[in-house]
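Take a look at the structure below.
FYI, it's all coordinate maths here, none of it is from the lab. Not measured: the values here are computed from a predicted model. Using ideal geometry, Cβ is built from the backbone for each residue, glycine included, and neighbour counts are taken over all protein chains shown.
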Amino acid sequence: MKRSRSTLLAAALTFGAFCVPFSHAHRQWLLPSTTVLSGEGQWVSVEGAVSNNLFFPNHRPIRLESIAVADPDGEPVEIQNAIAGEIRSSFELQLNKPGTYALSIVSSGRRRGPGGMGGGDTLFGSWDDNGQPQRWRGTPESLVTEGMAAKPGFKLQERGGRRLVTFVTCGSPTTKVLEPTGEGFDIEFLTHPNDLYFGEAATFRLLVDGQPATEGEMTVVAGNDRFRNDPGEAIFTADKDGIVTVNWPAPGRYWIEASVSSHGEAHGVPSEKTSTYILILEVLPE
């Protein structure tokens, strides 16, 4: 099920009636040189960065020590020829086993504000002041001394688990590294992520602790937005079974962010925790 928040854009570049303007926020990505190979002992090169244009490094590099690679049996693989630059990181990976590899960055939940993450005892919150959104940053102590709980609609913004994943397959696709963990926010790949083609729908199931995330959303943005006046985005809402179906508007590389929010209480005030799962996928021609 899709929902639209903007005007029609060219279908070759976007998702037609379901595209909306996309702000130039910094986005994190890992981009393999190719995602589907054949033969033995193949190599792929991978770039990683945080940028405000998809797949064009222009802000800062991915930290190499945060990257984990799993082979088709789920065993760790060492990255090779790694370089950490000023605006991007890069490394190479040898595919010594046939099957599907997972390249990922995983972080546990931390409290965050709308503009970034906080550490230690730092808290972030927001409230409404006569129709104007306001932001707050402080500590558990200042939360009390400043009387934030009395602000209209005040709530803490918390960051749940965050995961960034891309996949590479050598030979026939396998599924070991695709298996959901059953804990936290996850994706069940009903279509293999290295078997995506223009003209064929791809299906994903969003999960929370192994159960369908019926309120989950998935945002899809085509790469190379640097060359479009309005990069656009398509937002899909999971159905009652947690399923999202995407029809690709064109071949190419896509940045996808699935998210789910939960509401609770922290430090005696309402809180909203958002978990995210970012995918970098390649869609091939028919």
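Think of the chain as a dipole: +1 on every Lys or Arg Cβ, -1 on every Asp or Glu Cβ, centred on the Cα centre; then among Asn81, Gly39, Ala70, Asn81 lies furthest on the positive end. Oblate is the label for the range 50-114. Its Cα gyration tensor axes, ordered a ≥ b ≥ c, give a/c of at least 1.5 and b/c at or above a/b. Note on Lys97: aspartates and glutamates with a C-alpha under 13 Å away, same-chain residues under 8 apart excluded, are Glu40, Asp71, Asp73, Glu75. Gaussian network model of the chain, Cα springs within a sub-10 Å range: biggest mean-square fluctuation belongs to which of Glu141, Glu217, Glu257? Top of the fluctuation ranking is Glu141.
In this simple spin-label model, placing a label point 7 Å from the Cα along the Cα-to-Cβ direction at both Ala82 and Thr34 gives a separation of 2.5 nm. Here the simple spin-label model places points 7 Å from the Cα toward Cβ, and for Glu75 and Asn224 these points are separated by 3.9 nm. Labels on offer are (i) 1.31; (ii) 1.07; (iii) 0.98, and the one holding Rg/Rh (Cα atoms, Kirkwood Rh) computed from this structure is (iii).
In this structure the amide hydrogen of Glu158, modeled in the peptide plane, comes within under 5 Å of the amide hydrogens of Arg112, Glu272, Lys273, Thr274, none closer than 5 places in sequence on its chain. Rg and Dmax of the range 26-178, based on Cα coordinates, read 20.5, 65 Å. Note on Asn247 and Glu141: the model spin-label points, each 7 Å out from Cα along the C-beta direction, lie 5.9 nm apart.
Dipole size in debye (nearest 20) for the range 72-218 around its Cα centre, Lys and Arg Cβ +1, Asp and Glu Cβ -1? Roughly 400 debye, rounded to the nearest 20.
If the elastic network links every pair of Cα atoms under 10 Å, which of Ala250, Ala49, Ala266 fluctuates the most in the Gaussian network model of the chain? For the chain, modelled as a Gaussian network with Cα springs under 10 Å, the answer is Ala266.
For the range 127-268, the orientation-averaged shadow of the C-alpha convex hull comes to 12.2 nm² (one quarter of the hull surface).
Rounded to the nearest 0.05, what FRET efficiency is calculated for Asn52 and Ser261 with R0 set to 22 Å and r the Cβ-Cβ distance? For Asn52 and Ser261, the calculated efficiency is 0.40.
Computing FRET efficiency as 1/(1 + (r/R0)^6) for Thr175 and Thr122, where r is the C-beta to C-beta distance and R0 is 45 Å, gives about 0.65. Estimated from the Cβ-Cβ distance and a Förster radius of 35 angstrom, the FRET efficiency linking His26 and Ala149 is about 0.65.
Here the dipole of the chain is about 820 debye; that uses its Cα centre as origin and unit charges on the Cβ of Lys and Arg (positive) and Asp and Glu (negative).
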